[in-house]
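Read the structure below first, then the notes.
We did not get these values from a lab; they are worked out from the coordinates using the rules stated. Just so we're clear, the structure is a prediction, and the values are computed from it rather than from any experiment. Using ideal geometry, Cβ is built from the backbone for each residue, glycine included, and neighbour counts are taken over all protein chains shown.
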């Protein structure tokens, strides 16, 4: 058991993990149910992972601010992590409703050199495909005189 507990601790310490993610990983090790439960209880007791809601908040902040991922890209990444789909929809919508203007501005400024070389219609289609709303895209294009 100690070896598997150390494996679980190492897995949790490498990155921010959701409870569902840790549970799935431990189940993939095919341990007996008593050992699996005791490891999960230990990790839960010592706060080695976050609830799915806390995890989503931290993950959204990280992906959109540091890596500049769009709404659609973030949803795809989160769906691959087997988190509840309704919770993902709720958190992503809430996050982007609060931060959408800043997100599109950041995205456009980061890619400004590429954007200026392309026709306006192509840029608009591209930004919409990244998950930004049409009216926000037009607003941002006006701000930058594109």
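Against the chain, whose longest principal axis comes from its Cα atoms, helix 134-143 is set at around 60 degrees. Spacing of the modelled spin labels on residue 9 and residue 62, each 7 Å from Cα toward Cβ, amounts to 2.1 nm. Convex hull volume of the C-alpha atoms in the stretch 16-146, normalised per residue: 111 Å³. Sorted ascending by nearby beta carbons within 10 Å, beginning with the fewest, 17, 120 become 120, 17. Extension gain for the segment residue 110 to residue 98, taken as residue separation times 0.36 nm less the Cα-Cα distance, is 2.3 nm to one decimal.
Is the stretch 24-101 rounded, prolate or oblate when judged by the Cα gyration tensor, a ≥ b ≥ c being the square roots of its eigenvalues, rounded requiring a/c under 1.5 and prolate requiring a/b larger than b/c? Intermediate results must be reported in sequence, preceding the final value.
Details: a/c = 2.87, a/b = 2.32, b/c = 1.24.
Since a/c reaches 1.5 and a/b is larger than b/c, the shape of the stretch 24-101 is classed as prolate.
Note on 50, 126: ascending count of other Cβ atoms within 10 Å places them as 126, 50, the fewest first. Quick check: the angle from helix 52-65's long axis to the longest principal axis of the chain, C-alpha only, nearest 10 degrees? The angle comes out near 40 degrees. For the stretch 2-50, just list the percent of Cα-Cα distances falling in each 10 Å bin from zero outward, please. Using 10 Å bins, I get a P(r) of 28, 65, 7 for the stretch 2-50. Panel order for 1, 141, by other beta carbons found within 10 Å of each beta carbon, from fewest to most: 1, 141. The stretch 1-62 and the stretch 84-129 have their alpha-carbon centroids 32 Å apart.
The angle between the Cα long axis of helix 33-45 and the main principal axis of the chain comes to about 60°, on a 0 to 90 degree scale.
Could you calculate the contour length gain from residue 24 to residue 73, that is, 0.36 nm times the residue separation minus the distance between their Cα atoms, to one decimal place in nm? Full-extension gain reported as 15.4 nm. Think of it as helices only: each DSSP H run of n ≥ 4 in the chain is worth -39500 (n - 2.57), and spread over all residues that comes to -23000 deg cm²/dmol at 222 nm.
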